[in-house]
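The values are calculated or read from the model by the stated rules, or taken from the named source; none is laboratory data. Source: prediction; values computed, not measured. Note that we place each Cβ from the backbone using ideal geometry, even for glycine, and neighbour counts take in every protein chain shown. Please note that ligands, DNA and RNA were not included when accessible areas were found on the heavy atoms of the full protein model with its side chains. Shrake-Rupley method; radii C 1.70, N 1.55, O 1.52, S 1.80 Å.
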Amino acid sequence: MDKSGLRRELGLLHATMFGIGGAICAGVFVMLGHATSLAGTAIVIALPLCGIINLFTMCSYAELGAAIPSAGGEYTFAKVAYGGLVAFLTGWFEWISNTFYATLSSVGFAYIVSYIVPTINVPLIAIIMIIIFTVINIRGVKEAGTAETMMVVVLLIILAIYVLVGWSYRSGTGALQLSAPRGFLGIAEATAYIFVVYLGAEAIAVTQAEIKNPSKTIPRAIILSAIALIAVYTLIAYVTVRAVSPEILGKEVSPLAYVAGQTMGSLGVILVTVGGMIAALSSLNTSIVAQSRVAYALSRDGYFPTAFLKIHRRFGVPHVAVILSSLFTIALAATGVIQFVGYATDFGFIIGFTLVNLSLMKLRQKKPNLERPFKVPLYPFTPIAGIVTSVMLLLFIGMNVLTLGAGLGVLALLAYYLSMVGHYRIRVAFGGMSLGIGVFAALLAYLIETGLLPLVTPPVLFYVLIFVSAVSILAGVLNVTTPTRNIF
Amino acid sequence: MEVRKIVSKVVGATQSGIGVLAIILAYILYYNLFDIQRMLNASAQNAPLYMLLLLIFDLLSVISGLFLIYE
């Protein structure tokens with residue numbers, strides 16, 4: 001058991017499956033169509049290019065994960081390298097992006113199910129899946145790891161069948177003609193668009209406090225999963241664009257299911273749809289593990305409430321962090337807004353990648369004698385390449401993502417300075433706001449009752465407003481006149 | 001001091017409860033479940049605004065309530 005109370009139960013297989021399972025999400029099943037319309041058949045270049053960009057940063061994750069094997073991943077690296085605001089920003093974006101990624105996975109799953117059963121309620125199915133995987137995660141990290149391994153093995157078998165049947169399928173001349181109708185720009189845009197399919201493998205670094213023999217297992221698992229992903233995606237892209245032209249793929253909602261229909265018939269469509277569901281669930285599982293461990297680490301350092309630190313006596317997992325993080329995911333999933341969530345996930349992960357590479361370079365200078373069981377090859381070229389390529393990806397994603405990122409950054413600064421202000425002042429501030437709400441509710445009730453506000457409302461609303469007003473004013477007075485400064 | 005503690009816990013739990021109910025109401029109103037928009041004479045056009053206001057209210061209520069519960 002780790003000194004934090006977390007149990008080291010994940011071996012190389014489990015850890016590698018966490019990496020692969022975290023990355024193979026529903027995205028590859030639905031995004032390949034638009035990517036091929038951007039890059040043409042040169043998608044077989046764009047996908048390995050994404051993988052190489054990902055590998056640059058995964059090398060940094062491998063070095064830092066082996067050298068600093070405690071819970072929290074990117075956040076812990078940034079804390080050791082920089083501390084303070086940079087560390088908090090890293091943890092914040094990591095937590096938010098994993099929360100968004102869990103939402104994306106659950107809503108993505110529900111949308112895939114809706115292809116088969118169109119009448120289902122998408123947000124409701126997403127919420128049910130989050131609850132199921134929250135329970136699995138509370139049962140213990142080993143159970144989460146076993147569930148992940150089983151799902152990834154089944155998924156890889158489905159993808160292997162897809163590739164093998166697609167490989168033997170002959171269409172036209174049977175040979176792949178490389179073409180990029182929009183040239184290099186099209187390949188670059190496709191690379192930025194499809195990069196999301198590689199995100200999630202860094203979950204290995206986040207669960208490092210629960211990995212057996214971390215100094216050896218972490219770098220091996222990270223590099224193995226990054227290379228395996230390049231092979232899997234390149235093969236999928238190759239058989240897909242060889243079987244069906246990019247013009248047709250670009251119009252398909254689920255291009256892999258369409259190609260499977262061409263090569264294997266209706267059985268293929270069902271098989272690939274089931275594969276898409278499993279992919280979505282495995283990335284949901286990984287992101288729930290990751291988000292709760294980051295919340296745990298932020299709580300350990302006083303940025304999040306101490307409740308997140310509680311470890312379950314029997315299962316040895318931070319169960320409160322798992323439950324509270326899942327509640328945020330449920331709230332997001334209930335909206336069913338997938339596009340916003342997708343953009344937010346991209347932005348958060350790419351910022352995280354940049355900060356991890358910066359942390360590696362800073363630590364090489366700050367702590368040259370730190371024991372490093374694994375060292376990034378070709379230093380400093382590799383982390384610099386990781387930073388440059390990550391930032392370039394942001395430029396191709398678009399302005400709306402940058403605007404969203406700026407908003408999340410402002411929210412992070414607000415949260416950071418609030419946590420620095422101290423609980424006493426925050427409590428008094430909330431007491432003041434509560435008083436304000438109470439007075440406003442009383443005024444509203446008065447205006448409605450006297451008819452000064454021309455609103456046609458049910459009579460019960462007046463009594464509800466009076467009740468809310470009384471409770472808010474009382475709560476405000478109690479918070480403002482708090483007798484103690486030692487809260488939490 | 002003991003009386004204040006009990007009052008704080010009761011008021012805190014009530015306020016947090018109101019906050020949680022406000023979240024549920026926000027979603028019911030936004031998605032117009034049980035035809036609630038007609039019952040409350042709320043226009044569908046303003047549903048996102050109601051959702052935003054209710055979410056701000058519930059966030060403040062839950063946090064303020066939790067401060068009192070864990071006093």
Discussion item. Output wanted: per-residue J couplings in Hz (rounded whole) for the stretch A:183-188, from phi through Karplus 6.51 cos²θ - 1.76 cosθ + 1.60, θ = phi - 60°, x for Gly and Pro.
Written reply: x, 5, 4, x, 5, 5
Discussion item. Between 0 and 90 degrees, rounded to the nearest ten: what's the tilt of helix A:255-264 against the longest Cα principal axis of chain A?
Written reply: 40
Worksheet item: With labels modelled as points extended 7 Å from the Cα through the Cβ direction, what inter-label distance (nm, one decimal) is found for A:ALA160 paired with A:LEU13?
Response: 1.4
Fill in: Whole-Å semi-axes of the stretch A:209-256's equivalent ellipsoid (Cα gyration tensor)
36, 11, 6
Item to complete: Report relative contact order for chain A in percent, whole number only (criteria: Cα-Cα under 8 Å, sequence separation at least 6).
Response: 30
Worksheet entry | Cross-link pairs A:LYS79/A:LYS216; A:LYS310/A:LYS362; A:LYS216/A:LYS310; A:LYS79/A:LYS375 - those with Cα-Cα distance over 26 Å | A:LYS310/A:LYS362; A:LYS216/A:LYS310
Worksheet entry | Ordering of B:24-35, A:113-124 by burial proxy (mean other Cβ atoms within 10 Å per residue, highest first) | B:24-35, A:113-124
Worksheet item: How high is the relative contact order of the stretch A:196-273, in percent, with contacts defined as C-alpha pairs under 8 Å that are six or more residues apart?
Response: 17
Worksheet entry | Normalised alpha carbon radius of gyration of the stretch A:32-148 [divisor 2.2 N^0.38 Å] | 1.38
Worksheet item: Within 10 Å of each Cβ of A:474-482, how many other protein chain Cβ atoms are there on average?
Response: 6
Worksheet entry | Dipole-positive endmost among A:THR450, A:GLN365, A:PRO219 within chain A (Cβ charges, Cα centre) | A:GLN365
Worksheet, complete the sentence: Per residue of B:18-31, other chain Cβ atoms within 10 Å number on average 2
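At 1.4 Å probe size, with every protein chain present, just tell me what the per residue accessible area of chain A comes to in Å².
40
Kirkwood hydrodynamic radius of the stretch A:206-303 from all distinct Cα pairs, in Å? Present the calculation step by step, with values, prior to reporting the outcome.
Working: mean 1/r = 0.0605 Å⁻¹.
That comes to 16.5 Å for the stretch A:206-303.
Can you pull the mean other chain C-beta count within 10 Å for peptide B:32-40?
Partner Cβ neighbours, averaged per residue: 1.
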Worksheet item: To the nearest 20 debye, what charge dipole does the stretch A:12-421 have about its Cα centre, counting +1 at the Cβ of each Lys and Arg and -1 at the Cβ of each Asp and Glu?
Response: 860
Worksheet, complete the sentence: Note: the protein assembly as shown, point scatterers on Cα, Debye, no solvent; log10 I/I(0) at q = 0.06, 0.10 Å⁻¹ equals -0.33, -0.87
Worksheet entry | Phi-based couplings in Hz for the stretch A:146-157 (Karplus 6.51, -1.76, 1.60; Gly and Pro marked x) | 5, 4, 5, 4, 4, 5, 5, 4, 4, 4, 5, 5
Worksheet item: So what are the ³J(HN,Hα) numbers for the stretch A:372-382, from phi and the Karplus equation (6.51, -1.76, 1.60; θ = phi - 60°), rounded to whole Hz, Gly and Pro as x?
Response: 10, x, 10, 10, 4, x, 6, 5, x, 4, 4
Worksheet item: Per-residue accessible area for A:LYS367 at 1.4 Å probe radius, Å² rounded to 10?
Response: 80
Worksheet item: Hey, what's the per residue convex hull volume over the C-alpha atoms of the stretch A:423-480, in cubic angstrom?
Response: 65
Worksheet entry | Relative contact order, percent, the stretch A:423-480 [alpha-carbon distance under 8 Å, six or more residues apart] | 59
Item to complete: Per DSSP H run of n ≥ 4, the term is -39500 (n - 2.57); total these for the protein assembly as shown, divide by its residue number, and report the mean residue ellipticity at 222 nm rounded to 500 deg cm²/dmol.
Response: -25500 deg cm²/dmol
Fill in: Solvent-free Debye scattering, log10 I(q)/I(0), computed from the Cα coordinates of the stretch A:146-265 at q = 0.12, 0.13 Å⁻¹
-0.58, -0.67
Response to the item:
With Rg from the Cα atoms and Rh as the Kirkwood inverse mean 1/r over Cα pairs, chain B has an Rg/Rh of 1.16
Worksheet item: How much space per residue, in cubic angstrom, does the convex hull of the C-alpha atoms of the stretch A:278-408 take up?
Response: 183
